[in-house]
1. Here are some conditions: (1) under 20 Å from Gly125 (Cβ atoms); (2) in a helix (DSSP H, G or I); (3) open to solvent by less than 30 Å² (accessible area, probe 1.4 Å). Pro98 meets all but one. Which one does it not meet?
2. I need every pair where a residue in segment 112-125 that is closer than 20 Å to Asn97 by Cβ has its Cβ under 8 Å from the Cβ of a residue that is open to solvent by 100 Å² or more (accessible area, probe 1.4 Å) and at pLDDT below 95, sequence separation at least 6 or different chains.
3. Restricting to segment 46-73, name every residue that is out of contact with any Gly (no Cβ under 9 Å at 6 or more places or on another chain), within 21 Å of Leu119 (Cα to Cα) and either acidic (Asp, Glu) or open to solvent by less than 40 Å² (accessible area, probe 1.4 Å) (or both).
4. With Asp114, Asp81 as the choices, which residue is of a type outside the set (Lys, Arg) and open to solvent by 90 Å² or more (accessible area, probe 1.4 Å)?
Amino acid sequence: METKKEKKSTPKAAATSVKEEKATSKVEAAPAKEKAAPKKKASKGGDDLKKIEGIGPKIAELLVDAGIGTFAKLSETSADDIANILAEAGSRYASHNPTTWPEQAGLAAAGKWDELNELQDRLKGGRPE
């Protein structure tokens, strides 16, 4: 027959061993994170779409995944088509306004960097002010 002292110590001992197991499993799981595949570049050898005002790394990746990886391709894509790509990716992206992105991409594709900079100075987050 167990005494009260033995009964109280048993759950603590069990709890301690469970904590130790969790800690051990976390330590063992850590190397798996290091082996994760490297992040893919948003442009996949295309242009750096992040140079377009309003496009960040995540949106650039979405566009590349949709087959729009260059300034020339982006300039040929309608704002409505870009908006559809963003909407399919979720509300976080659907809130962006790609109205000026094709125009900006056209200037970038043509190498008109000064004109692109002037246009971007008039924009706020890729949107006309």
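The values are calculated or read from the model by the stated rules, or taken from the named source; none is laboratory data. As the structure is a computational prediction, the values presented were derived from the model and not from experiment. Note that we place each Cβ from the backbone using ideal geometry, even for glycine, and neighbour counts take in every protein chain shown. Surface areas here come from the heavy atoms of the whole protein model, side chains and all, with no ligands, DNA or RNA. Shrake-Rupley method; radii C 1.70, N 1.55, O 1.52, S 1.80 Å.
1. Here Pro98 clears every test but (2).
2. Short answer, once both residue conditions are applied: Arg122/Glu129; Leu123/Glu129.
3. Selection gives Asp48, Gly56, Ile59.
4. Checking each option against the conditions leaves just Asp114.
Quick grid of which residues meet (1) closer than 11 Å to Phe71 by Cβ; (2) touching a Gly at 6+ places or on another chain (Cβ under 8 Å):
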| site | (1), (2) |
| --- | --- |
| Leu86 | no, no |
| Arg92 | no, no |
| Leu116 | yes, no |
| Arg122 | no, no |
| Gly126 | no, yes |
| Glu129 | no, no |
